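No lab work stands behind these numbers, since they all come straight from the coordinates. All values derive from a computational prediction rather than experimental measurement. Because the Cβ atoms are built from the backbone with ideal geometry, glycine has one as well, and the counts that use them run over all protein chains shown.
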């Protein structure tokens, strides 16, 4: 059982017991996630307003994204959620090596996701699809308003990617601590709390994918 | 006038236990963090006040003789930004909430002390950004940053100020988060929800608003910054962007924000009135639930800021009805406070004067809000000085009265000293009179048609404007005097003792100033809230 | 009060949820290429909502969490709905009533 770690007590002085502390952390993280819902929510609102106003422009612009690459990337991200859930699972059991393994896999998959996004962004840049002075949406219906779709695209995926980058830094920190045996059955709160954050970022993407990549893929609107 | 210092408070407490700079700058003690915020908000209040002085000086005469129009635009914008985001929003929660909530619930600290310290530094950084933009030349868009002026046409430092507000918003969010978790999970044994002081209920409701609303203004400003910095056209009509969308997103937060500014004040008033009537607040449950109702309904009315902004008439009607409804919980509080004083042993102390001031001024402000809630009247009154008078009555007459009342009420607890009652009562009265002289004429000006945000006006408006500016002078003096005697009291004030006012809350059952961990022994609550014993009452009434 | 801290979700639950999520991802991508008219959006969002629920209940352990936690999340979702639909209510009703006097 040498791979099971039992960390020293991390009870902070202003809490009565570990139960209260863990409970407080959990509620705190969920409240934070609610603020994130409202934060992303503003962007979803802008998207909703503009898609409703310019459906043809949004459909045409959405078709400029790579559907299957996006689906593959979604798979990668969901995979990272699985590995994160397993990391939390092993943290609660104190299985040090497995914690490090699954955190590392999460890191790898998350990094892959960001790599693919970088490829997609580069592709957009090459095709002048970044809003600004040189914007053009080749062959797009209602091209004048297509820039709004891309504003939403970059705003939403950019904010999402920023959250992932922050997450990646935290994973690295968690891996370092895990290797030192910091997490075990008595205390693994940081891993669990970060897991909540990472799953939330995954959920945001679960909504972004259909909203940005799947508008009128059958060409129905163009009829 | 006492010339010799009062006895030094020798018993170890949170103030004297560690005099090092690090002990203050890296403190995790909620009480010290509250004091740090007090210094910050006072600084920004004075800065915002200077801008107010410039406004009132310019408006002494009809001609634009003191400031150019561009400069005047910057002056009222900075006044608004500083006062709203760096003073009013943090004021009571970050200063008094931080200091008192753990004490009131019998806890040793808030749930996340390190996060609390981080909140403070985030506030400082946000404040620095805004201060920097001020030094560089300021912003001229109005504190409301309406697009496309703010995104495409303004020559001011929109980016810097916008970023500053964005950053400061996170301080507000984290404070709210901390309070919610603290109130849910850190209450002392026996302290059930309906034994909580109304100050705590008020802050719980406020925290709900901070959590649910602030992120929306954060993302809105984020979009403004993106548009201004990278020319990504979210709100630019040239690309089909909708400036009214900005207004929807901005006011979704900024209307509930005004309830962030008033709910804590109402919590303070509940405590003050109860203590100085030696009576449990009448309708405690109603007051508690009305705080929650204001927080919830406050999110449903933001469209009343968009009545003339090409929002649909149908939506305007819906928002109008909801705005009338949201006034009801506030009115409930006023009636309950009055009923609390009925047949109570009322003592007229300085905090009580501020509470009276609150009730009168907030009532006027609230009622005039109903004029504005009416679609038809708003068409005439919007963007006039009527609106300016309305929101100053509620935010200053309500918000600041509560803040000052709270400071005067809990000053003995925070610092162990009393301040000179004569001077404190005098300044309270000066503030009340100066305030009314400043802002009541503005109702009349607005009704007569004087528009806001203009540095010139027709000559027929001069009399009221001059009265208003005179009032502002008196108000300024009234605000300045407490600054002097409160600082004086820190060294020379009479020693206060644990419970100088005869208050009933847990905070009065520990020493003044409290020890680092607040209580020698964690209290166990067995009584209902606001239990005043007759012995305690007669001791404090009869001196 | 916090029984969930001791509840260990079996790994097979995670793998099962993962499998469903992946299948649904490719289903939603494939369905989008078929013309269902207005239903395309409904189907896509329904699938997304279901996927999100799986992540929330099983990966984020909400199924085993306290009532308070559930209330917190519910409030967040509810407020998002308020933001989205009350704003859209303005836009959708723009043509409903004329402006008085015109």
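As an exercise, use a Förster radius of 35 Å and the Cβ-Cβ distance of residue A:53 and residue A:112 to find the FRET efficiency, rounded to the nearest 0.05.
The calculated FRET efficiency here is 0.50.
I'd like the distance between the alpha-carbon centres of the stretch B:43-100 and the stretch A:140-157, rounded to an integer number of Å.
What the calculation gives is 39 Å, centre to centre.
Can you compute the equivalent ellipsoid semi-axes for the stretch B:182-310, i.e. the square root of 5 times each eigenvalue of the Cα gyration tensor, sorted largest first and rounded to whole Å?
Largest first, the stretch B:182-310 gives 39, 16, 10 Å.
Where does each of B:312, B:330 land when they are ranked from fewest to most other beta-carbon atoms within 10 angstrom?
B:312, B:330
Regarding chain B, what's the average projected area of the Cα-atom convex hull, expressed in nm²?
The directionally averaged projection comes out at 24.5 nm².
Would you mind classifying the protein assembly as shown by shape? Square roots of the alpha carbon gyration tensor eigenvalues, ordered a ≥ b ≥ c; an a/c under 1.5 is rounded, otherwise it is prolate if a/b is larger than b/c and oblate if not.
Judged from the Cα gyration tensor, the protein assembly as shown comes out oblate (a/c at least 1.5, b/c at or above a/b).
Can you put B:28, C:51 in order of Cβ neighbours within 10 angstrom, beginning with the fewest?
B:28, C:51
Rg to Rh ratio, the stretch B:341-445, alpha-carbon atoms and Kirkwood radius?
1.08
Shape of the stretch A:1-113 from its Cα gyration tensor (a ≥ b ≥ c, root eigenvalues): rounded if a/c is under 1.5, otherwise prolate when a/b > b/c, or oblate?
Oblate shape, in that a/c is at least 1.5 and b/c is the bigger or equal ratio.
Mind checking the angle between helix B:350-373 and chain B's longest principal axis? C-alpha axes, 0 to 90 degrees, to the nearest 10.
30 degrees
Can you show me the helix-derived [θ] at 222 nm for chain B, built from DSSP H runs with n ≥ 4 at -39,500 (n - 2.57) apiece and divided by the number of residues, rounded to the nearest 500.
Computed mean residue ellipticity for chain B: -21500 deg cm²/dmol.
If you fit an axis through the alpha-carbon atoms of helix B:401-415 and take the longest principal axis of the Cα set of chain B, what angle between them do you get, 0 to 90°, nearest 10?
It works out to around 30 degrees.
Which whole-number percent gives the relative contact order of chain C, counting Cα pairs below 8 Å spaced six or more residues apart?
Normalised by residue count, the contact order of chain C is 32 percent.
Can you tell me the relative contact order of the stretch B:41-164? Whole percent, Cα pairs under 8 Å, sequence separation 6 or more.
About 28 percent, as a whole number.
Report, in degrees rounded to the nearest 10, the 0 to 90 angle that the Cα long axis of helix B:313-341 makes with the longest principal axis of chain B.
In chain B, helix B:313-341 runs at an angle near 20 degrees to the longest axis.
Go ahead and run the numbers for FRET between residue C:89 and residue C:26, Cβ-Cβ distance against an R0 of 56 Å, rounding to 0.05. Before the final figure, lay out each step's value.
Details: r = 36 Å, r/R0 = 0.64.
After rounding, the FRET efficiency stands at 0.95.
Sequence gap at least 6, Cα distance under 8 Å: using those rules, report the relative contact order of the stretch B:30-542 to the nearest whole percent.
Value for the stretch B:30-542: 18 percent.
Could you work out the equivalent-ellipsoid semi-axes for the stretch B:8-65, taking the square root of 5 times each eigenvalue of the Cα gyration tensor, largest first, in whole Å?
41, 11, 8
Binning at 5 Å from 0, report for chain A what percent of all alpha-carbon pair distances ends up in each bin.
Percent of pairs per bin, in order: 1, 7, 13, 15, 15, 13, 10, 8, 6, 5, 4, 2, 1, 0.
For chain C, evaluate the Debye formula with one uniform point scatterer on each Cα (no solvent term) and list log10 I(q)/I(0) at q = 0.23 Å⁻¹, rounded to two decimals.
Treating every Cα as an identical point scatterer, log10 I(q)/I(0) equals -1.19.
Could you give log10 I(q)/I(0) at q = 0.11, 0.14, 0.15, 0.18 Å⁻¹ for the stretch B:23-155, computed by the Debye formula over C-alpha point scatterers of equal weight, without solvent?
Summing over Cα pairs of the stretch B:23-155 leads to -0.49, -0.70, -0.77, -0.95.
For every helix of n ≥ 4 consecutive DSSP H residues, a contribution of -39,500 (n - 2.57) applies; sum these over chain A, divide by its total residues, and give [θ] at 222 nm rounded to the nearest 500 deg cm²/dmol. Please report the intermediate quantities before stating the final value.
On the way: 6 runs with 164 residues, N = 223.
My calculation for chain A gives -26500 deg cm²/dmol from helical runs alone.
How do C:12, A:217 line up, fewest other C-beta atoms within 10 Å first?
With the sparsest Cβ surroundings first, the list reads C:12, A:217.
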